[in-house]
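Quick notes on the structure that follows.
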Amino acid sequence: MPRLLSSPPLLVLLAATLSGPAVRAQQASPPAGPAAIRPTENLIVEGIPEIPAGLADEVRRYTEARSAAFVGWHPTRVEMLIGTRFGNTAQIHEVRMPGGARRQLTFFAEPVGAADWDPKEGTFFLFTRDTGGNEFGQMYRLDVATGDVTLLSDGGRSQNGGWAWDRAGDRIAYSSTRRNGADRDLWVMDPRDPATDLLVVENDGGGWSVLDWSADGMKLLVGESLSVNKSRRWLVDVATGAKTRLDDDADGEVAWGGGTFTPDGRSIWTTTDKDSEIARLVRWTPATGAIEVMAADIPWEVEEFDVSEDGKSLCFITNEAGVSRARVLDTATGKHRLVAGLPEGVIAGGEWHADGRHLAFSVGSARSTSDVYVWDAVEGGPAIRWTESELGGLVADTLVEPRAIDWQSFDGLKIRGFLYPAAPRFTGRRPVIINIHGGPEGQSRPIFQGRNNFFMSELGVAMIYPNVRGSTGYGKTFVKLDNALKREDSVRDIGALLDWIATRPDLDPDRVMVTGGSYGGFMTLACATTYDERIRCSLDVVGISHFTTFLKNTESYRRDLRRVEYGDERVPEVAEFFERIAPLNNAGRITKPLFVVQGANDPRVPASEAEQMVAKVRGNGGPVWFLNAKDEGHGFRKKPNMDFQFYATVMFVRQHLLGGESAADAAR
């Protein structure tokens, strides 16, 4: 299965700064630089004041950090593909040893989304790439010997990917929306010859994915996602397309995560929250319905796993109050052991090499951007760091670390999150930025803050990342508490957080900014209309301004999946509720400054959501800054755009949260 290169959190803006003008050696003195930072031609900038050129130098060391993410193992050598950025976008690189050079293999203006070596010889790899952030990912093959790139999918307005190789390494099964743009069908192809592309089964809905092949190459294990709380598992006959349901609706709402056949083909390794509040690792035998819970002594959610090629070992990762732990399970005995030597932080991956010995992880923390570590399961010593990404001039030991916090909401429910305090040199009650995650089926975790470190280290701002009701990581009951007509309850969780801030001697309740991306953008706009008198300003990134117009205009392959979470606008009661709570309809309550950031090609939250909100607030006479990128989608991924967004954000924070005070003033 290809491993996606995760985009940075929408408000954790990691990119390099724009370079300054070139200076010829023969000049006696450098020419005067530009008085202001100019946006590129791809940016639509409205209401944002001129940004002084000196700001780029002031924030430079906070904008140069890089990261590295594990992508895939070479099939025969202990070498790997990683994703990292040296130019404007993240590309695929090869690393052949611990600390080895990152040799770039792809060179595109657009970021690469996923990649995977062929499982036989490593003569080519597959990858996906979209255009301008539109998320219509196309599949390509890159032949290493020649550098030639071949388009494998249709090249149109369709999503293609999520492939799985058969055990022989001859074919991939993958999903595509090419038939009608709404339903995700399953296809099989030998990627060495795109003409072999064959439609296996047509599906209804956009939540279908390939999980695994049977050992004989005759059947596919397939997942169907209906919501964060409900999914199904199917067996598909590759020759006929016939589907057989493996789970049972009599179990009620049950979520399944991943799936890999055991070597004998009778059972399936998977995670499920059946008969549990959390997802547990299980060995499931569909023929009998037997479910054997593994590592039952660990009371934490299992969020991902990977089984070695020989089926003897399984690596699984738990989410323990936001911090990750990686363990390896002996599938014969059920005994497990902790992977040694990984830094404390958030772990992704845990992917086995074909040798069944080496495990690769991507690990990041508040003081370390994501890097790749490898653990030798035979030697069992500490994991070895394979990449060491640059922090761009930042010193890790000086960066603030978060602490877990909790507060009681309006109904007595405990809400949790993370507080990143201002740097120790700042005294008194500090201004606060509340940063709300998207999803809403997401979770804020103690990750590297990148550019946001500037606010804490240089401006003396504290940052709070709340996990309001509806967040994952706290059980399936908690994640359903904001569904449909309960949507306003999550907004009230932020109201309770504002109350909590007022009780803190180190936080200033009179200087609070709310921000967030995607669903967090909706939360930002909802807080701006609900708590206008309690905040200084708000910054909405690709946020929803009206659920009805959002559901009408979001891409059709995801519309029904979102209706399960937000409610069905075709139901009169829900439509009336959406009209009442829409930030667009309550924009007249906003009197504090608002900054809206959008990507013109966003397929999830279309640009119309931002444009209508900006127009409405302006029509009411409210102050609005607007930044729209013509070559971006659901958040900015290209360095020049990310740079300008960050510069404008610093200006907005200084002007509207801090009231123009300098760092020296703030420290006094």
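The values are calculated or read from the model by the stated rules, or taken from the named source; none is laboratory data. Computed from a prediction, not measured in an experiment: that's the story for all the values here. A quick note on method: Cβ atoms are made from the backbone with ideal geometry, for glycine too, and the neighbour counts reach across all protein chains shown.
All conditions but one from (1) among the acidic types (Asp, Glu); (2) closer than 28 Å to Gly428 by Cβ; (3) in a helix (DSSP H, G or I) apply to Asp508; the one that does not is (3). Just the residues that are part of a loop (DSSP other than H, G, I, E, B) and under 21 Å from Phe418 (Cβ atoms), please, taken from region 300-323. Of everything in region 300-323, those that are part of a loop (DSSP other than H, G, I, E, B) and under 21 Å from Phe418 (Cβ atoms) turn out to be Trp300, Ala321, Gly322. The number of residues in region 147-169 being touching a residue at least 24 places away in the same chain (Cβ under 8 Å), out of contact with any Lys or Arg (no Cβ under 8 Å at 6 or more places or on another chain) and not aromatic (Phe, Trp, Tyr) comes to 8.
The residue pairs whose first member lies in region 636-656 and is free of Cβ contacts under 8 Å to residues at least 60 places away in the same chain, whose second member is in a helix (DSSP H, G or I), and whose beta carbons are closer than 9 Å, counting only pairs six or more residues apart or on different chains, do not exist in this structure. Can you spot a residue in region 233-243 that is modelled with pLDDT under 95 and of a type in the set (A, V, I, L, M)? Within region 233-243 (the criterion being modelled with pLDDT under 95 and of a type in the set (A, V, I, L, M)), the answer is no, since none of the residues qualifies. Against the list (1) part of a loop (DSSP other than H, G, I, E, B); (2) within 26 Å of the chain's Cα centre (by Cα); (3) polar (S, T, N, Q), the condition Thr288 fails is (2).
Given the structure, is Trp386 touching a helix residue (DSSP H, G or I) at 6+ places or on another chain (Cβ under 8 Å), at pLDDT 95 or above and more than 14 Å from Gly460 (Cα to Cα)? No, not satisfied.
Report whether or not Thr244 is assigned by TED's automatic domain parsing to the domain that holds Ser176, surrounded by fewer than 13 Cβ atoms within 10 Å (Cβ to Cβ), free of Cβ contacts under 8 Å to residues at least 12 places away in the same chain and part of a strand (DSSP E or B). Write out each step before concluding.
Working: assigned by TED's automatic domain parsing to the domain that holds Ser176: yes; surrounded by fewer than 13 Cβ atoms within 10 Å (Cβ to Cβ): yes; free of Cβ contacts under 8 Å to residues at least 12 places away in the same chain: yes; part of a strand (DSSP E or B): yes.
Yes.
Among the residues of region 391-405, those that are surrounded by 12 or more Cβ atoms within 10 Å (Cβ to Cβ), out of contact with any helix residue (DSSP H, G or I) (no Cβ under 7 Å at 6 or more places or on another chain) and not in a helix (DSSP H, G or I) comprise Leu391, Glu401, Pro402, Ala404, Ile405. Being surrounded by 20 or more Cβ atoms within 10 Å (Cβ to Cβ), more than 21 Å from Arg563 (Cβ to Cβ) and aromatic (Phe, Trp, Tyr): is that true of Trp208 here? So Trp208 does not fit the description; no.
Within region 152-198, considering only strands (runs of 3 or more DSSP E) that don't extend past its boundaries, which have at least 2 residues that are under 20 Å from Gly241 (Cβ atoms) and of a type in the set (A, V, I, L, M)?
Qualifying strands (runs of 3 or more DSSP E): 172-176, 185-190.
Considering region 211-234, and only residues there that are surrounded by 15 or more Cβ atoms within 10 Å (Cβ to Cβ) and among the acidic types (Asp, Glu), the residue that is farthest from Tyr140 (Cα to Cα) turns out to be Glu224. Just to be sure before I move on: is Ala114 of a type in the set (A, V, I, L, M, F, W, C) and either over 19 Å from the mean Cα position of the chain (by Cα) or under 18 Å from Arg451 (Cβ atoms) (or both) in the structure I sent? It is false that Ala114 is of a type in the set (A, V, I, L, M, F, W, C) and either over 19 Å from the mean Cα position of the chain (by Cα) or under 18 Å from Arg451 (Cβ atoms) (or both).
Restricting to region 518-539, and then to whatever is aliphatic (A, V, I, L, M) and outside any loop (DSSP other than H, G, I, E, B), can you tell me which residue is nearest to the chain's Cα centre (by Cα)? Per the criteria, the residue is Met523.
Consider region 211-231 and keep the residues that are in a strand (DSSP E or B) and touching a residue at least 60 places away in the same chain (Cβ under 8 Å). The one that is nearest to Ile278 (Cα to Cα) is Ser225. Candidates in region 312-338 are the residues that are of a type in the set (Gly, Ala, Ser) and more than 20 Å from Pro382 (Cβ to Cβ); of these, the one that is surrounded by the most Cβ atoms within 10 Å (Cβ to Cβ) is Gly322.
Among the residues of region 353-387, those identified as under 20 Å from Gly72 (Cβ atoms) and outside any strand (DSSP E or B) are His353, Ala354, Asp355, Gly356, Arg357, Ala377, Ala383, Trp386, Thr387.
Kindly state which strands (runs of 3 or more DSSP E) lie completely within region 407-477 and contain at least 1 residues that are without any contact (Cβ under 8 Å) to a residue 60 or more places away in the chain and touching a Pro at 6+ places or on another chain (Cβ under 9 Å).
414-420, 462-467
Go through the residues of region 167-176 one by one and say whether even a single one is under 29 Å from Pro111 (Cα atoms), of a type in the set (Val, Ile, Thr) and more than 23 Å from the chain's Cα centre (by Cα).
Within region 167-176, the first condition is being under 29 Å from Pro111 (Cα atoms), and the residues that meet it are 169-176.
Among the residues that remain, those that are also of a type in the set (Val, Ile, Thr) are: 172.
This time we only want the ones that are more than 23 Å from the chain's Cα centre (by Cα), so: 172.
Yes - at least one qualifying residue is present in region 167-176.
Right, Arg654: under 24 Å from Glu488 (Cα atoms), of a type in the set (D, E, K, R) and touching a Leu at 6+ places or on another chain (Cβ under 9 Å) or not? So Arg654 fails the test. Inclusion of Glu488 among residues that are among the acidic types (Asp, Glu) and either more than 23 Å from Gly543 (Cβ to Cβ) or without any contact (Cβ under 8 Å) to a residue 40 or more places away in the chain (or both) is not warranted. Test Leu525 against the criterion of being more than 19 Å from Phe595 (Cβ to Cβ), at pLDDT 95 or above and not charged (D, E, K, R), and give yes or no. Against the criterion (more than 19 Å from Phe595 (Cβ to Cβ), at pLDDT 95 or above and not charged (D, E, K, R)), Leu525 does not qualify.
A quick yes/no check of all residues on (1) under 30 Å from Ala502 (Cβ atoms); (2) surrounded by fewer than 20 Cβ atoms within 10 Å (Cβ to Cβ); (3) modelled with pLDDT under 95:
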| residue | (1), (2), (3) |
| --- | --- |
| Leu539 | yes, no, no |
| Leu551 | no, no, no |
| Leu561 | no, yes, yes |
| Ala587 | yes, no, no |
| Val596 | yes, no, no |
| Gly621 | yes, yes, yes |
| Lys630 | no, yes, no |
| Arg637 | no, no, yes |
| Asp643 | no, no, yes |
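The set of residues in region 314-342 that are touching a Phe, Trp or Tyr at 6+ places or on another chain (Cβ under 7 Å) and among the hydroxyl-bearing types (Ser, Thr, Tyr) contains only Thr318. Applying the criterion of at least 2 residues that are of a type in the set (Phe, Trp, Tyr) to the helices (runs of 4 or more DSSP H) found wholly in region 540-626 leaves 547-553, 556-566, 572-581.
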